[in-house]
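Contents: one structure, followed by commentary.
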Amino acid sequence: MRILSKVTLCVFWERYPTAELPLRAWFKDVAAASWATPNDVKAQYGSASIIANTRLVFNIKGNDFRLIVEVNYAPRIVYILFIGTHAEYDKVNAASI
């Protein structure tokens, strides 16, 4: 998968250094993935939440952080929409951010 944009993750882990290793691992795993459907995502990340079929929420570092992405399956593109602490995530609408 092609992930847009890694810079968002880098900026976040500069602010929250404990997020760096888990986010790097997530990035590496997703970049190597070949998801065609939300079921493919669930097979790899059982704890991921599927929202409106193309939007996903990942728990990062044991649920300390939340990552919201939008996936365009045909061209294999993952758009990073939001990364934040669990408390910050609770203040946003994952379906519309």
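Each reported figure results from applying straightforward, stated rules to the coordinates on display, with no laboratory input. Bear in mind that the values here come from a model prediction, so they are computed numbers and not experimental data. Counting neighbours? That spans all protein chains shown, and the Cβs are built from the backbone with ideal geometry, glycine included.
Below, the figures for the structure above:
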read-out: Residues that are touching a residue at least 40 places away in the same chain (Cβ under 8 Å) and loosely packed, with under 14 Cβ neighbours inside 10 Å, drawn from the range 78-97; value: 95
read-out: Candidate set: the range 17-48, residues that are surrounded by 14 or more Cβ atoms within 10 Å (Cβ to Cβ) and touching a Lys or Arg at 6+ places or on another chain (Cβ under 9 Å); chosen: the one farthest from residue 76 (Cα to Cα); value: 19
